[in-house]
1. Of everything in the stretch 105-148, what is outside any helix (DSSP H, G or I) and open to solvent by 60 Å² or more (accessible area, probe 1.4 Å)? Give them in sequence order.
2. Please determine, by comparing only the residues of the stretch 199-253 that are basic (Lys, Arg) and farther than 19 Å from residue 138 by Cα, which one is farthest from ligand 2 (Cβ to nearest atom).
3. Of the numbered conditions (1) assigned to a loop (DSSP other than H, G, I, E, B); (2) within 11 Å of ligand 1 (Cβ to nearest atom); (3) not hydroxyl-bearing (Ser, Thr, Tyr), residue 94 fails exactly one; give the number of that condition.
4. Can you run down the residue pairs with Cβ atoms below 7 Å, 6 or more apart or on separate chains, where the first is in the stretch 32-46 and within 12 Å of residue 15 (Cβ to Cβ) and the partner is surrounded by 13 or more Cβ atoms within 10 Å (Cβ to Cβ) and of a type in the set (Ser, Thr, Tyr)?
5. Does the stretch 35-50 hold any residues that are assigned to a helix (DSSP H, G or I), open to solvent by 10 Å² or more (accessible area, probe 1.4 Å) and more than 17 Å from residue 222 (Cα to Cα), and which are they?
6. Can you give me the number of residues within the stretch 177-201 that are without any contact (Cβ under 8 Å) to a residue 60 or more places away in the chain and open to solvent by 10 Å² or more (accessible area, probe 1.4 Å)?
7. Given the residues 170, 95, which is the only one that is out of contact with any helix residue (DSSP H, G or I) (no Cβ under 6 Å at 6 or more places or on another chain), without any contact (Cβ under 8 Å) to a residue 24 or more places away in the chain and open to solvent by 50 Å² or more (accessible area, probe 1.4 Å)?
8. Any residue at all in the stretch 51-60 that is within 10 Å of ligand 1 (Cβ to nearest atom), farther than 17 Å from residue 5 by Cα and not in a helix (DSSP H, G or I)?
Amino acid sequence: MSKIALITGATSGIGEACAHTFAQQGYNLVLLARREDRLAKIAHHLEDKYAITIKQVLADVRDKDSLTAALAILPDEWKKVDVLVNNAGLSQGLDPIDKGDTNDWDTMIDTNVKGLLYVTKIVSNWMIPNQSGHIINIGSIAGKEVYPNGNVYCASKHAVDALTKGMRIDLLAHGIKVTAINPGMVETEFSVVRFKGDEERAKKVYENFEPLIADDIADAIWYVVSRPKHVNINDMLIMPTAQATATIVNKTP
Ligand code: NDP
Ligand code: 8X3
């Protein structure tokens with residue numbers, strides 16, 4: 001049987017690009033996200049184009065009970081997951097700590113940290129009997145540095161950095177690889193979501209320099225996944241050439 005990759009947040013950006021890359025490599029896919037129409041459209045397109053099979057899992061990673069139920073009903077042969085891409089995540093708002101919206105904080109921590117944990121607990125228990133598997137956590141430059149007004153988003157991605165290290169230690173004896181992929185600025189729906197639908201403001205983030213695109217990250221993930229069995233890439237920080245740090249970007253005037 002073909003290998004299986006489970007990708008969270010597969011309806012847009014980096015997750016969608018990963019779905020294309022793994023499909024092209026002949027993987028069958030479990031694609032998870034909340035937007036049903038988009039998920040179905042992407043799944044049908046990839047099944048037609050690459051002659052692979054896809055299971056769609058409509059779930060919110062924040063909702064532990066329904067997430068658990070949605071994954072539990074997958075047939076047993078679909079639980080032999082080779083690669084988990086913990087990609088579902090978001091930022092909400094860009095405000096100083098005294099002005100931040102506590103609902104935004106809950107959303108970021110619940111999605112980026114707790115959601116990633118819930119998915120990992122379930123899927124690592126599927127991997128352990130096989131004594132193999134590869135977990136890719138999508139962190140961020142925001143998990144390596146803290147930038148003005150990034151406070152809670154940066155904290156959530158620092159948590160992903162710590163959890164990646166912890167998972168690697170805990171899953172070592174089971175032959176499961178754990179990798180962190182930490183991108184700088186990637187033009188996806190990320191900033192539209194951060195600015196709650198303000199497309200003009202989001203567009204400005206990526207003006208006057210060449211940001212990364214989602215395919216750049218999918219390409220790096222494929223590199224990591226396709227190393228020989230005895231090789232693990234622990235941590236990768238990928239920036240646009242025009243970006244030196246989280247806040248220093250060489251923009252043309
Ligand atoms: P997008 O907004 O384009 O994609 C985010 C994906 O996550 C969507 O498919 C969305 O699907 C899914 N998602 C969000 N919340 C949930 C949830 N509660 N349950 C299930 N799925 C969810 O952004 P990106 O592709 O840029 O972001 C992907 C990851 O990359 C995130 O973890 C982000 O923090 C990280 N990242 C992004 C960078 C960037 O500059 N773009 C840089 C560094 C890291 P749906 O709404 O259908 O559920
Ligand atoms: C998203 C990257 O630093 O632009 O993780 O917020 S950043």
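1. Going residue by residue through the stretch 105-148, those that are outside any helix (DSSP H, G or I) are 131-140, 144-148.
Residues satisfying the conditions are 131, 144, 146, 148.
2. Taking the stretch 199-253 as the starting set, the residues that turn out to be basic (Lys, Arg) are 201, 203-204, 227, 229, 251.
Remaining after also requiring farther than 19 Å from residue 138 by Cα: 201, 203-204, 229, 251.
On the way: 201: 13, 203: 14, 204: 13, 229: 30, 251: 14 Å.
Restricting to residues being basic (Lys, Arg) and farther than 19 Å from residue 138 by Cα, the top hit is 229.
3. Among (1) assigned to a loop (DSSP other than H, G, I, E, B); (2) within 11 Å of ligand 1 (Cβ to nearest atom); (3) not hydroxyl-bearing (Ser, Thr, Tyr), the lone unmet condition for residue 94 is (2).
4. 32/8; 33/11; 35/11; 38/11; 39/11; 42/11
5. Of all residues in the stretch 35-50, those assigned to a helix (DSSP H, G or I) come to 36-50.
This time we only want the ones that are open to solvent by 10 Å² or more (accessible area, probe 1.4 Å), so: 36-38, 40-42, 44-45, 47-50.
Matches in the stretch 35-50: 36, 37, 38, 40, 41, 42, 44, 45, 47, 48, 49.
6. 8
7. On the way: 95 fails: without any contact (Cβ under 8 Å) to a residue 24 or more places away in the chain.
Answer to the check: 170.
8. Yes, that holds for at least one residue.
The values are calculated or read from the model by the stated rules, or taken from the named source; none is laboratory data. Just so you know, these numbers come straight off a predicted model, no measurement behind them. Please note: Cβ atoms are built from the backbone with ideal geometry, for glycine as well, and neighbour counts cover all protein chains shown. Only protein heavy atoms, including side chains, enter the accessible area calculation; ligands, DNA and RNA are left aside. Shrake-Rupley method; radii C 1.70, N 1.55, O 1.52, S 1.80 Å.
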